[in-house]
Each structure stands twice: as C-alpha cells, then as structure tokens.
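Everything on this sheet refers to the single structure shown next.
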Amino acid sequence: MKTKMICTTTAGPQPDICDDFGKRIQVNGNLDNARLKFTSEKQGTIAFLGGSITEMDGYRPMVYALLQQRFSQTQFKFINAGIGSTSSTTGAFRLECDVLDHGLIDLLFLEFAVNDDQDGNHTRQECIRGMEGIIRHARRSNPNLDIVVTYFVNEPMLANLQEGKAPMRIAAHQTVVDYYGLPAIHLAAEVAREITAGELTWEQYGGVHPEPVGNAICARMIAELFERVWAAPLSSEARLVSHPMPDPLDPLNYERGRFIDLEEAKGVCGWTLGVPDWDKLPGEKRPRFLALPLYWATEPGAEAMLEFEGTAIGAFVLAGPDAGMVESSIDGGPFVAIDVFHSFSHNLHYPRTVMLGCNLTAGKHTLILRISPETHSGGHAMRVIKFTAN
C-alpha cells in the first residue's frame, strides 16, 4: 500500500480519492481526560462495546497494544463488551451490566454501524435512539468519559460510499457524533477509497469480519488519532473536565436503557423459566447463551404479564428456527403483533432485541405478552434472555 500523508478535517464520511487516510480521522476534543488518568494515576479502564467485529480477535486487541506501548507504566483494565449480531439498540440496554457495572470507565470505543445495517435493519430513528442512548447513559455514569466511534463496513455500505453516498446508518450515527462532539474513525470511507484507488481489495480487507490486514487499517487510524490529540505534553495544571450534556436529539433515546430480570414477569399460563433442552432444538447455538435460564413459551395463547417503568419495553431474545410471533398490549390497549423470527434465524438461535412498546409516556406501565397463532417459521417459540426497558 502507498504511504499516507496526513491532513486535518472534522468532516464526516468522505469517499473521495486522495492519498491521505488522515482525512477520514475525525478529531473532536482531545481525549485528555483519559490521558490524565493514565499518566497521573498509572491506571485506566477501557471498554469496547459493539458486535462481532468488536468481539472477535480483531482491531480491539491491536488497540490494547497501542495503549500499552504508549503508556508503558500504566496498569490497564480492558473490557471486551462485544456480542455478535447485536445492534446499538441492544447495546443501549446491555451497557449497564456489560460495561458500567465493571466500574468507572475512562475511554469507550463504540462500533455498531454494520450491525445497525445488516442485523438490526434499523431506521434512522432507531440508530439515533440507540447510539445517543449509549453516549448519554455512559456519560451520566462518568461525565469525564472520553468516547471514540468507529465505522466498519459491509458490501452494501461499501457500494454506497463508492457512489459518493453516505450509508444511512453511518449518517445517522454521524448526526449523534457531531452533536456530542466525539472523535470518529471513518474506516468504512477509507476502505472504500483504498479499494477504488486499487490499493486494496475487498478480499484482502477480509469482508464484514476483517482479516488482520483490515483490522490493521483501523488500528493505524486510531493510532494516528492518538498521535494528533496527544501531540502536545499535558499541562502541569491539567485537570479532569466534564463533557457538556446538551438536550437530547431524541427525547425518547435509550439513555435509561436497562435489563429487567426475568423473575419480574408473571406467567399467567404457558411460560417457563429455566434452561431450554438445547439438544432437542434444531439450529446452531452460541456457547455464551447455553447455560442461561431463559423465559420461554412455545405454544399459541401462552400469556405473561410484566409491570415496568419508562418510555419503552422490549425483550432481548434468542430467535431460532422455531421463533414465532408475539402480541403485546400496553396498559390494556390493543394487541400489536411483533415478529420474533429474523432473517438470520433459519439455522441459528439468533440474539436480537425486539421492541414490544415504544413512544410511551414516562411512568408505570403494564405489558401483556402472548404467543400468537401466526408464524413465519412453522414454530411459535419466544425465548427471552432479559426484558429491556428505558
């Protein structure tokens, strides 16, 4: 590959052709709260929240190495909060237990562009509610928290970028990034540029789950971000500075996102709390879920009730080959049908969040959930890992 020159901009994703990957490194702020913590206290906690691109042995451990090399005297705690197939919606609901419960976080990396696209198939509103919810919730837990957003890429997004168009999910996340003044790594745009310029092929990059070559491009961009924001020495008078918290872009964003324990649901009939007999169920299963007790039902008419507080209610589920449809009613309102089955459920018990009620008035509510006789799979199952509320 060619040597890249550095140029400075805070513009969003740019698929134009030039020799410098620096144009796709968005510098906002300085990440000095994290640097101060790393240098003054000689310790720091860094979390990575995202889908399978984060979970895999990819860019994340490369960034571990970058930080350990730069701050060789610092004791780091690294948190891998990547879960394959999960979108920013699920991320907003699991942020508390998967990240914030580990203690005060100093630096947070977010990666959800690909999963919001091909897994969540999110609307612009859903992208903003999830991403904004994560950022606001994280900074309510630590106002000094520094955050970096990274955009990976799949083939449809690559095609958009090569046509000079910003992929919708990246554009939605970028709206949040700009509003909160966050640094961002526009890897998707850099990959599109290099492929269009003939410096890289999609096969060399590695596809949706990048090969080491692809992950190294991301790590190199993050290293350059560090070089820029930490170029000057810290002032002897440097102090932690709280980040501003403006009014939300979307008042119904998922900043109060949380899990509700399964025991809170009251089974009227036909629901079971326990570990399913996975050996008898067709479809692939991911090991991380196999020992979990789930709240599940498989027959039409099974009904459960859950009291909750907030503006939204949903369920983080495993949607397998036998996943069906459910009907939800909030506060005695009409039942609304929701499909639990996903296009990726045909041969996989697929983790996803289905929203059962949104745009609610803040306060206490009652959900009635029942298994529908309708289905697109031939089965009627719903297997809940946790209920989600905002």
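The figures follow:
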{"item": "Residue count, the stretch 256-278 (criterion: part of a strand (DSSP E or B), farther than 21 Å from ALA92 by Cα and not basic (Lys, Arg))", "result": "6"}
{"item": "Some residue of the stretch 97-107 being modelled with pLDDT of 95 or more, surrounded by 22 or more Cβ atoms within 10 Å (Cβ to Cβ), outside any loop (DSSP other than H, G, I, E, B) and not assigned by TED's automatic domain parsing to the domain that holds CYS358", "result": "yes"}
{"item": "Search result, residues across the stretch 230-274 that are of a type in the set (S, T, N, Q) and without any contact (Cβ under 8 Å) to a residue 40 or more places away in the chain", "result": "SER235, SER236, THR272"}
{"item": "Selection status of ASP106, touching a residue at least 40 places away in the same chain (Cβ under 8 Å), under 22 Å from LYS386 (Cα atoms) and in contact with a helix residue (DSSP H, G or I) (Cβ under 9 Å, 6 or more places away or on another chain)", "result": "no"}
{"item": "Of the criteria (1) at pLDDT 90 or above; (2) under 19 Å from ALA223 (Cα atoms); (3) of a type in the set (A, V, I, L, M), which one MET56 fails", "result": "(2)"}
{"item": "Selection within the stretch 46-72 - within 22 Å of ASN144 (Cα to Cα) and in contact with a Lys or Arg (Cβ under 7 Å, 6 or more places away or on another chain)", "result": "PHE48"}
{"item": "Residues of the stretch 299-333 satisfying the condition of being assigned to a loop (DSSP other than H, G, I, E, B) and either of a type in the set (Lys, Arg) or under 10 Å from ILE368 (Cα atoms) (or both)", "result": "ASP331, GLY332, GLY333"}
{"item": "LEU49 within 25 Å of LEU240 (Cα to Cα), at pLDDT 95 or above, of a type outside the set (Val, Ile, Thr) and in a helix (DSSP H, G or I)", "result": "no"}
{"item": "Checklist (1) charged (D, E, K, R); (2) part of a loop (DSSP other than H, G, I, E, B); (3) crowded, with 24+ Cβ neighbours inside 10 Å applied to ARG193, failing item", "result": "(2)"}
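The values are calculated or read from the model by the stated rules, or taken from the named source; none is laboratory data. Quick caveat: nothing in here was measured; it's all calculated off a predicted structure. Note that each Cβ is placed from the backbone with ideal geometry, even for glycine, and that neighbours are counted across all protein chains shown.
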